[in-house]
Amino acid sequence: MKKTVFIYLILGILTFPVLAQSKTELGGGIGAFNYTGDLSRAYKITSMRPAFTGFYKYNINNALSFRASLTAGYISGTDNKPVDPFASVRARSFKVFAVEAATLFEYDFIDMKGNTQLVYGSPYLFGGFGIFNLLNPPPASQAYSPLQPVLPLGFGVKYVITPNWYLALEFGARFTFFDYLDGVSYGDPRTKDYQYGSWYDNDMYYFLGLTATYSFFKIQCPTNPYK
């Protein structure tokens, strides 16, 4: 009895990495951070700054995956092209380096991993929870913790290159609970220095990027044990 249990235990230890690898993916990519807030009320291409990402993914089933990611890059904004006299007088700018760690769920609309059809890609959605850290916050932001929660939400399209490799283009918005990403927020309107912004909404940042993913999934071909 003990010998049988020992054999099953050894077999389980030996087969677990194979089972785990069949559901495991690793990836990374490059892209750009962007920002909307008190200095930029709309998404501007000119505000894009370099960023990069890396992630681990576990496939729960053929449609749903769990993803743990680390994304970092620069975020910046400026009043150098003011949209109103208020912004012209304020004349503020900022540039920070942000590091984000997030856990996400990703849903593929088309089954790319099933063996009953030939599929070369799929649109997908993702969402989850994370935290971000500002390594060099603006002076006005230093009164607050540089570590803040964030809710990532976005979509993308992935394309299969080989059974183990695929590319994806994705866009994600980061909903923060923080209004000092740009160092501009509440101010006393009675003080006519105009060095404040709107305190009724929080700042947001975004990631647009191209990623490459390697899947450890392998098709196990049957073999004859008597040969």
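The values are calculated or read from the model by the stated rules, or taken from the named source; none is laboratory data. All values reported here derive from a predicted model rather than from experimental measurement. With ideal geometry, Cβ positions are generated from the backbone for all residues, glycine too; neighbour counts draw on all protein chains shown.
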Condition met for Ala143 (modelled with pLDDT under 90 and either loosely packed, with under 13 Cβ neighbours inside 10 Å or closer than 21 Å to Leu64 by Cβ (or both)): yes
Of the criteria (1) touching a Leu at 6+ places or on another chain (Cβ under 8 Å); (2) touching a residue at least 12 places away in the same chain (Cβ under 8 Å), which one Ile161 fails: (2)
Any pair with Cβ under 7 angstrom, 6 or more apart, that starts in region 49-77 at a residue that is farther than 27 Å from Tyr180 by Cβ and ends at one that is among the aliphatic types (A, V, I, L, M): Gly54/Leu70; Phe55/Ala68; Tyr56/Leu26; Tyr56/Ala68; Phe66/Ile60; Arg67/Leu104
Search result, residues across region 174-197 that are among the basic types (Lys, Arg) and modelled with pLDDT of 90 or more: Arg174
One residue from Leu208, Leu181 being of a type in the set (A, V, I, L, M), within 19 Å of Asp79 (Cα to Cα) and either surrounded by fewer than 14 Cβ atoms within 10 Å (Cβ to Cβ) or touching a residue at least 60 places away in the same chain (Cβ under 8 Å) (or both): Leu181
Residue under evaluation Leu151, criteria (1) buried (at least 20 other Cβ atoms within 10 Å of the Cβ); (2) under 20 Å from Lys57 (Cα atoms), criterion not met: (1)
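Mind telling me which of the residues Thr213, Thr162 ends up being modelled with pLDDT of 85 or more, more than 28 Å from Ser40 (Cα to Cα) and in a loop (DSSP other than H, G, I, E, B)? Explain how you work it out, then say what you get.
Details: Thr213 fails: in a loop (DSSP other than H, G, I, E, B).
Result of the check over Thr213, Thr162: Thr162.
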Number of positions in region 87-101 that are buried (at least 20 other Cβ atoms within 10 Å of the Cβ) and either among the β-branched types (Val, Ile, Thr) or more than 20 Å from Gly187 (Cβ to Cβ) (or both): 3
